[in-house]
1. Please go through the range 105-130 and pick out each residue that is surrounded by 10 or more Cβ atoms within 10 Å (Cβ to Cβ), away from the ligand (no atom under 13 Å from the Cβ) and not in a strand (DSSP E or B).
2. Has the range 23-44 got at least one residue that is without any contact (Cβ under 8 Å) to a residue 24 or more places away in the chain and closer than 25 Å to Ser129 by Cβ?
3. In the range 32-69, how many residues are farther than 14 Å from Thr14 by Cα and crowded, with 20+ Cβ neighbours inside 10 Å?
4. Which of (1) at pLDDT 95 or above; (2) over 16 Å from Gly21 (Cβ atoms) does Ile122 not meet, given it meets every other one?
5. Which pairs do you get when a residue that is closer than 20 Å to Asp80 by Cα, found in the range 46-65, comes within reach of a residue that is part of a helix (DSSP H, G or I), reach meaning Cβ atoms under 7 angstrom, with the pair 6+ apart or on two chains?
6. Taking the options Gly33, Gly59, Gly50, name whichever one is closer than 24 Å to Ile93 by Cβ and among the small types (Gly, Ala, Ser).
Amino acid sequence: MAQRPAATVLTYGTFDLFHAGHVRLLARLAQMGDRLIVGCSTDEFNAEKGKLCVTPYEGRAEILRACRYVDLVIPEESWDQKRRDIRTYNADIFAMGSDWTDRFNDLRDVCEMVYLPRTDNISTTELKSRVLARADAAK
Ligand code: CTP
């Protein structure tokens, strides 16, 4: 019987305060192929975007590496590295959560583009504001 070629899935994100929305996205991505590669944004890249993380890059990457769905973690250092990464890692599918819908469609000439629905009612931003609200209430 002919075997289908192995498929590599590539995704990017910050993954700060790792939460169930992240886990569910990674689980669905892992099901779409045989190898899941995650580009984790570096602290320098986040600074360029004006984004401040609770956990520094090394900690976020370590948590991602420990996740059973993830095969490889690479640093995401710029907006324009994606085309190069697709080629370097032979990615077949480029996938992101639906908050990024249509943002990377220009990569359709080099791989399949997929946007998956986000998990409702959870995000890093929401977790941060919940902690701040609790701290305020405790004053
Ligand atoms: N994601 C998801 N469901 C959620 C939150 C995130 O599927 N509830 C996905 C995003 O769509 C993205 C990946 O997880 O593809 C990494 O998202 P990230 O921006 O790191 O997480 P957020 O919780 O959205 O962080 P923030 O609130 O800082 O934007």
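1. Hits for the range 105-130 are Asn105, Asp106, Leu107, Arg108, Val110, Cys111.
2. Checked against the condition, which is being without any contact (Cβ under 8 Å) to a residue 24 or more places away in the chain and closer than 25 Å to Ser129 by Cβ, the range 23-44 yields at least one hit.
3. 1
4. Failed condition: (2).
5. Tyr57/Asp43
6. When all the criteria are applied, what remains is Gly33.
The values are calculated or read from the model by the stated rules, or taken from the named source; none is laboratory data. Predicted model, so just to flag it, every value in this text is computed and none were measured. Every residue, glycine among them, receives a Cβ derived from its backbone with ideal geometry; neighbour counts consider all protein chains shown.
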